[in-house]
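Novice: Could you have a look at this structure, given as structure tokens, before my questions?
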Amino acid sequence: METKPYSVFGEEWLIRKDDEVNLLVSKCKGCGSQWFPQKEICPTCFSQEREIVPLEGEGEIYSYTTLTVTSKRFQAPLNIAYVDYPGDVRVCGQIVGDDIQIGKKAKLIFDKIAQEKDGTDVFSYKFKVE
């Protein structure tokens, strides 16, 4: 079965080196706010001056839910979480692990997130409970 790297936002949204993955965020040069997914205009101060930087720090689970019914591309049950990072960045994604709880640390990983109709595995970032 063929596998391919994939990101729902395109490759410019993440950095992948071996088993390590990091997301790229937009950082406003005007007020310092950071956003993921990236924004062309800062929603805080409306500046168009920005730089693209790697997301830094550890993530902490803000909220999560478990989907018991999903589309055919995904395998149920499917856990989805909002994970907070320093700089007021909140990222949504799939999360795996045995002990998912609000407030626990979560690490970014690069893993299979779905499967296409033709059997091709779809890969992107997801979170893993630490």
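Novice: For the stretch 68-105, what are the residues that are part of a strand (DSSP E or B), surrounded by fewer than 18 Cβ atoms within 10 Å (Cβ to Cβ) and β-branched (Val, Ile, Thr)?
Specialist: Those that are part of a strand (DSSP E or B), surrounded by fewer than 18 Cβ atoms within 10 Å (Cβ to Cβ) and β-branched (Val, Ile, Thr): 80, 96.
Novice: On to the next question. Considering only the stretch 106-130, state which residues are farther than 22 Å from residue 54 by Cα and either among the aliphatic types (A, V, I, L, M) or part of a strand (DSSP E or B) (or both).
Specialist: Correct list: 114, 115, 121, 122.
Novice: Keeping to the stretch 74-97, report how many residues are of a type in the set (D, E, K, R) and at pLDDT 90 or above.
Specialist: 2
Novice: Quick check on my filter: what residues within the stretch 94-130 are small (Gly, Ala, Ser) and under 14 Å from the mean Cα position of the chain (by Cα)?
Specialist: 106, 124
Novice: Separate question: When you go through 4, 39 one by one, which is the residue that is surrounded by 13 or more Cβ atoms within 10 Å (Cβ to Cβ), over 24 Å from residue 130 (Cα atoms), in contact with a strand residue (DSSP E or B) (Cβ under 8 Å, 6 or more places away or on another chain) and modelled with pLDDT under 95?
Specialist: One residue alone meets the criteria, 39.
Novice: When the stretch 12-31 is examined, which residues are found to be part of a loop (DSSP other than H, G, I, E, B) and either touching a Pro at 6+ places or on another chain (Cβ under 6 Å) or touching a residue at least 24 places away in the same chain (Cβ under 8 Å) (or both)?
Specialist: Scanning the stretch 12-31 gives a single hit, 19.
The values are calculated or read from the model by the stated rules, or taken from the named source; none is laboratory data. It should be emphasised that the depicted structure is a prediction, and the values quoted were computed from it without experimental measurement. Because the Cβ atoms are built from the backbone with ideal geometry, glycine has one as well, and the counts that use them run over all protein chains shown.
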